[in-house]
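Read through the structure below, which is laid out as structure tokens, and then see the notes.
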Amino acid sequence: MTATNVNMNNYFMPAEWAPHRGTLLTWPHRPAIWRGLHAEVEQTFAQLVKELSEVEEVHVNVPDRLVRQHAEALSRRHGADLKNVVWHEIDSDDVWARDHGPIAVVRRPEAPKHLPPLLLLDWIFNAWGGKFASSLDNQIPKLLARDLGLPTLAPGLVMEGGSLEVNGIGDLLTTEAVLLRDNRNPGVERAVIEASLRGHLGCERLHWLGRGLEGDDTDGHIDDIARFVNENTLVVVGCGKEDHPDHGIMLENHARLKAITGVRGMPFRVVSLPVPEPIFYEGEHLPASYANFYIANGKLLLPTFGQPSDAEAAAILAELMPDRRVVGIDGRALVSQYGNIHCVTQQIPRAPE
């Protein structure tokens with residue numbers, strides 16, 4: 001159902017660490033996309049289903065019954081609790097649920113109780129500026145909302161979840177390289193985009209970084225660069241060695257982060273994450289980043305890259321989020337297609353009472 005005449009002042013996007021009803025995944029069912037790594041990617045997804053099903057519902061898009069049976073069998077072998085898994089027969093172009101899934105906003109505590117407690121925002125998805133097919137992915141929010149019995153609202157702009165990072169109290173981080181690029185919303189001024197984000201996500205203060213990581217075919221999503229771990233603390237990819245491809249990019253982004261203040265008028269605590277040694281696949285530099293983690297109920301799922309810095313990143317995040325158990329998941333197959341754990345997950349918040 002489509003929500004009409006909704007006063008969006010009654011809703012806001014909660015932080016990722018707020019309680020979840022579940023997590024959305026879209027199962028990888030197109031082997032040709034993965035350049036020989038499809039089997040490894042399926043193993044990664046089965047591990048995600050296992051880890052998530054222990055702490056919350058897992059909603060998995062599959063194109064048909066045969067793919068569902070295969071995904072169920074693989075997830076079961078990894079120890080998934082299939083009682084917590086809900087399968088949706090929804091076809092897709094690709095796996096990046098962070099971007100093609102709906103963004104959920106929740107009713108504010110002071111809002112009238114007759115309003116729907118959850119509302120799914122159905123942004124336009126155009127595969128990062130028309131780089132790939134996206135007609136199936138663009139239908140996912142409506143079809144998932146139908147299955148879940150939740151209302152949707154279409155803001156009317158191209159937007160991707162990986163380009164947005166919030167702390168749940170009114171601060172939002174994003175990048176100019178994505179939201180202001182003509183391949184998203186050509187002719188739409190920055191002020192219009194900012195007004196839409198404020199109005200639909202309940203954010204008071206927007207903070208803009210510049211560019212994203214080298215090799216990121218999204219043009220520079222924020223979730224590969226900087227993430228909130230609590231209302232006042234950000235983790236950010238370190239600058240690395242001077243000869244690292246991202247050294248100059250991250251020097252600029254660090255300087256911007258240190259200059260901003262949040263809605264409470266205070267600067268953020270900024271903590272650096274280690275930088276993996278550069279990873280290449282078929283000659284391409286890949287955007288490997290420990291910032292691309294996912295915060296689930298009671299867990300933090302961290303991409304790992306088979307390097308000593310994996311343990312350092314896990315220790316930093318465990319100290320910053322002591323209420324979450326850090327679980328490492330090998331991210332090397334996923335990053336071959338330029339994304340990782342956060343990119344393939346999208347939270348469904350728990351509805352307020």
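Given the structure, is residue 198 buried (at least 16 other Cβ atoms within 10 Å of the Cβ), under 29 Å from residue 286 (Cα atoms) and free of Cβ contacts under 8 Å to residues at least 60 places away in the same chain? In short, no. Checking every residue in the range 332-340 against the condition of being over 26 Å from residue 20 (Cβ atoms), at pLDDT 95 or above and assigned to a helix (DSSP H, G or I) gives at least one match.
For the range 92-122, taking the residues that are closer than 20 Å to residue 46 by Cβ and not small (Gly, Ala, Ser), the one that is farthest from the chain's Cα centre (by Cα) is identified as 94. Going by the structure shown, is residue 286 farther than 18 Å from residue 231 by Cβ and more than 17 Å from the chain's Cα centre (by Cα)? Criteria met by residue 286. Pairs meeting the criteria (first residue in the range 107-134 and part of a loop (DSSP other than H, G, I, E, B), second residue surrounded by 14 or more Cβ atoms within 10 Å (Cβ to Cβ) and modelled with pLDDT under 95, beta carbons under 6 Å, at least 6 apart or on different chains) are 117/351; 117/352. Applying the criterion of being surrounded by 19 or more Cβ atoms within 10 Å (Cβ to Cβ) and of a type in the set (Asp, Glu) to the residues of the range 201-241, the residue that is nearest to residue 337 (Cα to Cα) is 216.
Remark: residue 67 matches the filter, which requires a residue to be in a helix (DSSP H, G or I), surrounded by fewer than 22 Cβ atoms within 10 Å (Cβ to Cβ) and not basic (Lys, Arg). Screening residue 265 with (1) touching a residue at least 24 places away in the same chain (Cβ under 8 Å); (2) under 26 Å from residue 205 (Cα atoms) gives one miss only, at (1). When the range 9-36 is examined, which residues are found to be outside any loop (DSSP other than H, G, I, E, B), surrounded by 15 or more Cβ atoms within 10 Å (Cβ to Cβ), in contact with a His (Cβ under 9 Å, 6 or more places away or on another chain) and among the hydrophobic types (A, V, I, L, M, F, W, C)? Hits for the range 9-36 are 24, 25.
Against the conditions (1) under 18 Å from residue 222 (Cβ atoms); (2) without any contact (Cβ under 8 Å) to a residue 60 or more places away in the chain, residue 318 satisfies every one except (1). Does the range 37-47 include one or more residues that are surrounded by 20 or more Cβ atoms within 10 Å (Cβ to Cβ), touching a residue at least 12 places away in the same chain (Cβ under 8 Å), part of a strand (DSSP E or B) and not charged (D, E, K, R)? Looking for residues that are surrounded by 20 or more Cβ atoms within 10 Å (Cβ to Cβ), touching a residue at least 12 places away in the same chain (Cβ under 8 Å), part of a strand (DSSP E or B) and not charged (D, E, K, R), one finds none in the range 37-47, hence no. With respect to residue 157, determine if the residue is surrounded by 15 or more Cβ atoms within 10 Å (Cβ to Cβ), at pLDDT 95 or above, of a type outside the set (Val, Ile, Thr) and under 19 Å from the mean Cα position of the chain (by Cα). Against the criterion (surrounded by 15 or more Cβ atoms within 10 Å (Cβ to Cβ), at pLDDT 95 or above, of a type outside the set (Val, Ile, Thr) and under 19 Å from the mean Cα position of the chain (by Cα)), residue 157 qualifies.
The values are calculated or read from the model by the stated rules, or taken from the named source; none is laboratory data. These numbers were taken from a predicted model, which means no experiment stands behind them. FYI the Cβ positions are ideal-geometry reconstructions off the backbone, even for glycines, and counts take in every protein chain you see.
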